[in-house]
Amino acid sequence: MADNINAIFFDVGATLRYVVEDAEFAAAAEKELMELVGATEEHDAFFAKLEKNWKAYRKWAKTELLDVSEMELWLQYLLPDYPAERVAPNAARLTRLWRDHDGRRVVHEGTLETLRELQRRGYKLGIIANTITETEIPDWMCRDGVADCFKTVILSSKVRLRKPDPSIYLLAARCIGSDPVNCAYVGDNPVRDVEGAKAAAFGAMVLFEDAGTADREGKAPTVLPDYTIKSIPELLDLFPPLS
């Protein structure tokens, strides 16, 4: 491992946490979502419309490399035909429910222990994540007792910038107080995560090879990571204690 790394940033979705299908959990989320907005359509028609609008938003976001706030997301993209006075106050909760309708999110084995050990070894830790929710990641950090591990948390829904735009990586480096060459990034996407970190001239890019998510964007990688791992605890072999 490059001996100049003093800060390590992480992706979250599929890197630190993954989705477990849970029909009962998802059904409860969908029921609450429909109740909050006062949905008048049948369940299947309502979620078919939401899925169509979601795909249109995702296409725009990936093209422009931008994300919007939760309120903008629901008022302008996902449910523009519903009353703003009902949707706007519930935007944050709606986003969480929309996420929950996929299933429960749990951490990969050994993740929490690895984060604490990297912190103990002297590394500054941070998060750079594309996400539509502003609260889910902070809530998870508090719930699993690792909030104190992270010095900087950069979410696309808060800063609008979106990976692989190198600007979001450079912003994170400035916030954590390290030059890009002294930063490493750990992510699972072989296109977006690798391209962004490399374009920002990060000192190291570590790809968490997850067969269930690799190349899910449908694009072939144009640049390669510096290192690959099969599990998060393998990071401890790459990042020894800082002197």
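The values are calculated or read from the model by the stated rules, or taken from the named source; none is laboratory data. What you see is a predicted model, and the numbers here were worked out from it, not measured in a lab. Cβ sites come from the backbone with ideal geometry, for glycine too, and all protein chains shown count toward neighbours.
The table below gives the values:
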quantity: Thr95 being touching a helix residue (DSSP H, G or I) at 6+ places or on another chain (Cβ under 6 Å), part of a loop (DSSP other than H, G, I, E, B) and within 17 Å of Ala26 (Cβ to Cβ); calculated: no
quantity: Tally, over the range 31-69, of residues that are over 27 Å from Arg160 (Cα atoms), of a type in the set (Asp, Glu) and surrounded by 14 or more Cβ atoms within 10 Å (Cβ to Cβ); calculated: 1
quantity: Meets criteria (surrounded by fewer than 16 Cβ atoms within 10 Å (Cβ to Cβ), assigned by TED's automatic domain parsing to the domain that holds Thr135 and not in a loop (DSSP other than H, G, I, E, B)) for Arg86; calculated: no
quantity: Of residues in the range 58-83 being assigned to a helix (DSSP H, G or I) and among the polar types (S, T, N, Q), the one farthest from Thr135 (Cα to Cα); calculated: Thr63
quantity: Elements of type strands (runs of 3 or more DSSP E) contained in the range 119-232, each with 1 or more residues being surrounded by fewer than 19 Cβ atoms within 10 Å (Cβ to Cβ); calculated: 150-155, 227-229
quantity: Unique match (being in a strand (DSSP E or B) and touching a helix residue (DSSP H, G or I) at 6+ places or on another chain (Cβ under 9 Å)) among Phe9, Phe25, Phe46; calculated: Phe9
quantity: Unique residue being in contact with an Asp or Glu (Cβ under 7 Å, 6 or more places away or on another chain) and outside the structural domain of Val37 (by TED's automatic domain parsing) when the list is Ala92, Ala129; calculated: Ala129
quantity: Close pairs (9 angstrom Cβ cut-off, 6 or more residues apart or separate chains): touching a residue at least 24 places away in the same chain (Cβ under 8 Å) and within 13 Å of Arg96 (Cα to Cα) in the range 21-39, among the small types (Gly, Ala, Ser) and surrounded by 16 or more Cβ atoms within 10 Å (Cβ to Cβ) anywhere; calculated: Phe25/Gly103; Ala26/Gly103; Leu33/Ala39
quantity: Residue match in the range 225-236 (condition: in contact with a Cys (Cβ under 9 Å, 6 or more places away or on another chain) and modelled with pLDDT of 90 or more); calculated: no
quantity: Extreme residue, nearest to Val19 (Cα to Cα), among residues of the range 78-94 that are of a type outside the set (A, V, I, L, M) and touching a residue at least 40 places away in the same chain (Cβ under 8 Å); calculated: Arg93
